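Remarks on the structure that follows.
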Amino acid sequence: MSPAHPSAPVLRSLVVDSHALLVYLEGENGAEFVANALDMAEQGSLNCYLAIVNWGEVYFSLLRAKGEHRAREATNVLDQLPIEIVNMDMNLVQRASRFREQFRTPNGLCFAASLAETHCCPVLTGDPLFRKLAEEIQVLWLK
């Protein structure tokens, strides 16, 4: 995550979306990249944010796919991570609504995008639907 070029800007903040967290929690390809971001946050060199809506997406996805026990385990892990969970205020909801109207993307993506826009930082994701939003917000793709 460190810039390869000395003149490249240093990443200070990042929105972690539900896709990235599911990759991390399930140990899928790209989990190391998310772990690296979380390590940087733990060391205090990176601020990580998660919209409460995206927290709910993680819970719902695991609840549906693996049951309540696994969903609760995962949210217990999430709650220990160095990620600030952000409640949605009216400004964030309006921004998300504009993204949804303009790009016709799911709500969860729009909330992550509105949070990224507010904090002037990229979204960490591997979700291909974010390609629609890449002209409006910065996206840091999982590798």
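The values are calculated or read from the model by the stated rules, or taken from the named source; none is laboratory data. In this text, all values refer to a predicted model and were calculated from it rather than measured experimentally. Reconstructed Cβ throughout: ideal geometry from the backbone, glycine too, with neighbour counts over all protein chains shown.
In segment 105-140, which residue that is under 24 Å from G27 (Cα atoms), of a type outside the set (A, V, I, L, M) and free of Cβ contacts under 8 Å to residues at least 40 places away in the same chain is surrounded by the most Cβ atoms within 10 Å (Cβ to Cβ)?
Here the answer is R131.
Go through segment 98-141 and count every residue that is under 16 Å from S13 (Cα atoms), of a type outside the set (V, I, T) and not in a helix (DSSP H, G or I).
Qualifying residue count, segment 98-141: 7.
Every residue in segment 59-73 that is surrounded by fewer than 19 Cβ atoms within 10 Å (Cβ to Cβ) and either within 18 Å of A113 (Cα to Cα) or hydrophobic (A, V, I, L, M, F, W, C) (or both), please.
F60, L63, A65, A71
Of the residues in segment 39-58, how many are surrounded by fewer than 18 Cβ atoms within 10 Å (Cβ to Cβ) and closer than 21 Å to F111 by Cα?
So the answer is 3.
Residues that are without any contact (Cβ under 8 Å) to a residue 60 or more places away in the chain and more than 20 Å from W141 (Cβ to Cβ): find the strands (runs of 3 or more DSSP E) completely inside segment 1-97 holding 2 or more of those.
84-86
Is at least one residue of segment 96-104 surrounded by fewer than 12 Cβ atoms within 10 Å (Cβ to Cβ), at negative phi and modelled with pLDDT under 95?
Yes, segment 96-104 contains a residue that is surrounded by fewer than 12 Cβ atoms within 10 Å (Cβ to Cβ), at negative phi and modelled with pLDDT under 95.
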